[in-house]
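Below: the structure, in structure tokens.
The values are calculated or read from the model by the stated rules, or taken from the named source; none is laboratory data. Source: prediction; values computed, not measured. Cβ atoms come from the backbone with ideal geometry, glycine included; neighbour counts cover every protein chain shown.
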Amino acid sequence: MNLIVAVSLDYAIGKDNKLLFRLPTDMAFFKEKTMGKTVVMGEKTYLSLPKRPLLNRINIVLSDNPNFVADGAIVVHTLDDLFKELKKYRSKEIFVCGGASIYNLLMNYCDTAYVTKVEKIVDADTYINDIEEHGFVLKEVSPQIEENNLTFTFQTYQNPNPIRF
Ligand SMILES: NC(=O)c1ccc[n+]([C@@H]2O[C@H](COP(=O)([O-])OP(=O)(O)OC[C@H]3O[C@@H](n4cnc5c(N)ncnc54)[C@H](OP(=O)(O)O)[C@@H]3O)[C@@H](O)[C@H]2O)c1
């Protein structure tokens with residue numbers, strides 16, 4: 001299973017249930033990585049999508065609310081149910097795509113993390129854990145990209161010891 005996220009220097013990922021950065025190149029990267037695959041997200045992230053569900057992907061949404069219905073998505077209510085559902089898909093084709101509660105819940109189960117690192121600290125209200133503190137090792141860094149007055153890199157991390165589910 002993979003994780004894909006865009007973070008600031010201090011691992012901020014959102015504010016007011018929105019993304020922090022508008023980066024077309026990152027959006028294209030997200031699309032390229034996840035297209036045709038299975039994406040896992042929390043209820044808040046699902047509701048924050050401008051168009052729901054993410055097209056041409058199997059959308060799985062985690063929600064505590066037993067009455068929550070998500071058009072075009074599979075809703076699961078517990079980690080056990082999520083893992084039962086995920087067993088239907090090939091692990092490397094699964095992408096955890098937010099938000100913070102879901103990244104933090106599932107990062108130890110992920111083999112690879114695709115982290116878009118934006119070289120900036122911005123006002124935010126939602127942060128993820130430092131993935132290096134969870135044992136992820138940096139394997140690849142792209143050249144720096146400049147867009148919308150921001151500098152960022154695509155970083156690929158591997159988890160040498162993911163928990164199998
Ligand atoms: N930078 C990025 O790459 C990126 C990517 C995605 C999202 N984001 C940002 O992240 C922010 C949202 O993150 P968030 O942490 O507030 O929300 P979230 O993770 O998207 O969703 C949280 C919800 O997921 C459900 N949930 C979480 N853990 C669960 C569990 N163990 N069992 C059942 N349901 C569970 C709960 O639903 P109930 O409410 O039903 O209890 C919870 O309220 C937004 O600002 C969004 O824009 C950023």
Filtered residues of the range 14-31 (kept if under 15 Å from Ser142 (Cβ atoms) and over 14 Å from the mean Cα position of the chain (by Cα)): Leu23, Thr25, Ala28
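Among Asp111, Asp123, which is within 16 Å of the ligand (Cβ to nearest atom) and either surrounded by fewer than 21 Cβ atoms within 10 Å (Cβ to Cβ) or in contact (Cβ under 8 Å) with a residue 12 or more places away in the chain (or both)?
One residue alone meets the criteria, Asp123.
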Thr45: within 13 Å of the ligand (Cβ to nearest atom), hydroxyl-bearing (Ser, Thr, Tyr), crowded, with 16+ Cβ neighbours inside 10 Å and under 13 Å from the mean Cα position of the chain (by Cα), yes or no? yes
In the range 149-165, anything in contact with a helix residue (DSSP H, G or I) (Cβ under 8 Å, 6 or more places away or on another chain) and under 20 Å from Asp10 (Cβ atoms) is listed as Phe152, Phe154, Tyr157
Does any residue of the range 53-61 turn out to be within 11 Å of the ligand (Cβ to nearest atom) and touching a residue at least 60 places away in the same chain (Cβ under 8 Å)? no
Hey, does the range 20-29 have a residue that's touching a helix residue (DSSP H, G or I) at 6+ places or on another chain (Cβ under 8 Å) and surrounded by fewer than 20 Cβ atoms within 10 Å (Cβ to Cβ)? no
Kindly state which helices (runs of 4 or more DSSP H) lie completely within the range 14-96 and contain at least 2 residues that are out of contact with any Asp or Glu (no Cβ under 7 Å at 6 or more places or on another chain), closer than 19 Å to Tyr114 by Cα and modelled with pLDDT of 95 or more. 24-34
